[in-house]
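Chemist: One structure coming up, written as structure tokens, with questions to follow.
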Amino acid sequence: MDLDYCMKQLAENGQRVRALVEDIDEVQARWKPDPASWSILEVVCHLLDEEREDFRVRLDITLQRPGETWPGIDPGGWVTARDYNNQDLGQALHSYLDEREASLTWLISLEAKDWQATYEAPWGPITAGDLLASWIAHDLLHMRQLVELLWFYKEEQVKPYSTRYAGEW
């Protein structure tokens, strides 16, 4: 595993998320293309909670506290239980970026990094390397989601006109 690449991706992904959402107004931040979809604000709140309660915590347990049980998480349930869509986007983004910085500082501070260290998850074994790779992939999945939300919002705002000339989405 190329740790320098992984660290760079985690750092850059935080800034990519910032660039996608930092100038979004309150209306667009809370807008959803349909009731089952997440808003931009809900995605950012999710990223914040995953940063502080999932990836870093679970990687820490896998690398440094073998035998300890991962804490439970409920990412889908947290959207409503934590009332994500009524939070403040600027504060959520700032907190997410602070947590990402704390994650990077923590990763740099690790003495021994056994990426083969394994946790026996309910769905099967997962290595520390799998967790780190998944952390980066998770960022990318949600950046794609943010871009889709930007696209769908734009589609609503330009009606009745078409963006067909721009190319296929």
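The values are calculated or read from the model by the stated rules, or taken from the named source; none is laboratory data. The structure displayed is predicted, hence computed values, not measured ones. Counting neighbours? That spans all protein chains shown, and the Cβs are built from the backbone with ideal geometry, glycine included. Ligands, DNA and RNA are stripped out before the accessible areas are found, and what is left, the full protein with its side chains, is counted by its heavy atoms. Shrake-Rupley method; radii C 1.70, N 1.55, O 1.52, S 1.80 Å.
Chemist: Quick one: if you take sqrt(5λ) for each eigenvalue of the C-alpha gyration tensor of region 16-92, what semi-axes come out, biggest first, whole angstrom?
Modeler: 28, 14, 9
Chemist: Cα to Cα, under 15 Å, and not fewer than 8 places away if on the same chain: which aspartates and glutamates meet these conditions relative to Lys32?
Modeler: Straight-line reach from Lys32, under 15 Å: Glu42, Asp83, Glu148, Glu155, Glu156.
Chemist: Of the listed peptides 127-134, 158-165, 1-8, 37-44, what is their order by residue-averaged count of other C-beta atoms within 10 Å, with the highest listed first?
Modeler: For the peptides 127-134, 158-165, 1-8, 37-44, the packing ranking is 37-44, 127-134, 1-8, 158-165.
Chemist: Another question, if that's okay. Does region 73-139 come out rounded, prolate or oblate by the C-alpha gyration tensor, with a ≥ b ≥ c the root eigenvalues, rounded set by a/c under 1.5 and, if not, prolate when a/b is larger than b/c and oblate if not?
Modeler: Oblate, since a/c reaches 1.5 and b/c is not below a/b.
Chemist: List the relative contact order of the chain as a percent without decimals, with contacts defined as Cα pairs under 8 Å and 6+ residues apart.
Modeler: Across the chain, relative contact order equals 32 percent.
Chemist: Whole Å is fine, so just give me how far the alpha carbon centre of region 71-150 lies from that of region 4-68.
Modeler: 6 Å
Chemist: Work out the charge dipole of region 1-92 with +1 on the Cβ of Lys and Arg and -1 on the Cβ of Asp and Glu about the Cα centre, then indicate which of Tyr5, Leu47, Gly90 is farthest towards its positive end.
Modeler: The residue sitting most towards the positive pole is Tyr5.
Chemist: So which GluC sites (Glu not before Pro) in region 70-166 pass both tests, a DSSP loop state and at most 12 other Cβ atoms within 10 Å of the Cβ?
Modeler: Sites meeting the loop and neighbour criteria: Glu111.
Chemist: Report the semi-axes of the equivalent ellipsoid for region 1-137 in whole Å, largest first, where each axis is √(5λ) for an eigenvalue λ of the Cα gyration tensor.
Modeler: On the way: eigenvalues 164, 63, 27 Å².
They are 29, 18, 12 Å, listed largest first.
Chemist: Under a point-charge model restricted to the Cβ atoms of Lys and Arg (+1) and Asp and Glu (-1), what is the dipole moment magnitude of the chain relative to its Cα centre, in debye to the nearest 20?
Modeler: Magnitude of the dipole: close to 340 debye.
Chemist: Leaving out same-chain residues fewer than 8 places away, which lysines sit with a Cα under 28 Å from that of Lys8?
Modeler: Within the straight-line limit of under 28 Å, Lys8 reaches these lysines: Lys113.
Chemist: Which chymotrypsin sites (Phe, Trp or Tyr not before Pro) in region 87-128 pass both tests, a DSSP loop state and at most 14 other beta-carbon atoms within 10 Å?
Modeler: Trp123
Chemist: Test of understanding: what is the full-extension gain from Thr105 to Glu120, defined as 0.36 nm times their sequence separation minus their Cα-Cα distance?
Modeler: Net length gain for the segment: 2.8 nm.
Chemist: With a 1.4 Å probe and all protein chains left in place, how much accessible area per residue does the chain have, in Å²?
Modeler: Values: 9520 Å² over 169 residues.
Accessible surface, normalised per residue, equals 56 Å².
Chemist: By how many degrees, between 0 and 90 and to the nearest 10, does the Cα long axis of helix 128-157 differ from the longest principal axis of the chain?
Modeler: The angle comes out at about 10 degrees.
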